[in-house]
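These notes concern the structure reproduced below.
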Amino acid sequence: MPYYYPLQPPYFLLAIGIFAALTSGVAFAGTLKLIVYKWQNDGAQNSGNRLSNRQLLIPFFGITIGITLFLCSGFEIFGFPPFLAYAVGVPVALLTSLLIWFQLGSMLAFIERQGMQSLNLDS
């Protein structure tokens, strides 16, 4: 039974994917900090949740694309044929990102309804 060994593993795509995900993650964290800071000063009830989601959408897409590229390239490096690597990697990355986006949206809506004090983890 022959094994699949890529002639040129996609190390460059792996590096580009992790770089895109990390830089988009820094932008996402900065945007989220600004939103939380604004909510602390103005109150979450006064600012719109939909506006917050739109501000976070572009960096989140960057993270999703970077992680998808990283995951698919990693599968190829570990011996998956390219078609199978993308057939497995894209749905896994997109489904995970979609679930995280919905969880983030529900957390922002919860904060908007209950206020910032509702996230007190010490009590």
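Summed over the range 76-107, the residues that are of a type outside the set (S, T, Y) and either crowded, with 20+ Cβ neighbours inside 10 Å or within 12 Å of the chain's Cα centre (by Cα) (or both) give a count of 13. Applying the condition of being surrounded by fewer than 19 Cβ atoms within 10 Å (Cβ to Cβ) and either of a type in the set (V, I, T) or at pLDDT below 95 (or both) to the range 57-73 and asking which residue is farthest from G30 (Cα to Cα) yields I65. Within the range 38-54, restricting attention to residues that are surrounded by 14 or more Cβ atoms within 10 Å (Cβ to Cβ) and part of a helix (DSSP H, G or I), the residue that is modelled with the lowest pLDDT is N49.
In the range 4-26, the residues that are closer than 12 Å to L71 by Cβ form Cβ pairs under 6 Å with partners that are at pLDDT below 95 and not hydroxyl-bearing (S, T, Y), at six or more places apart or across chains, as follows: P10/E76.
The values are calculated or read from the model by the stated rules, or taken from the named source; none is laboratory data. Because the structure is a prediction, the values reported are computed rather than measured. Ideal geometry is used to build each Cβ from the backbone, glycine not excepted, and the neighbour counts take in all protein chains shown.
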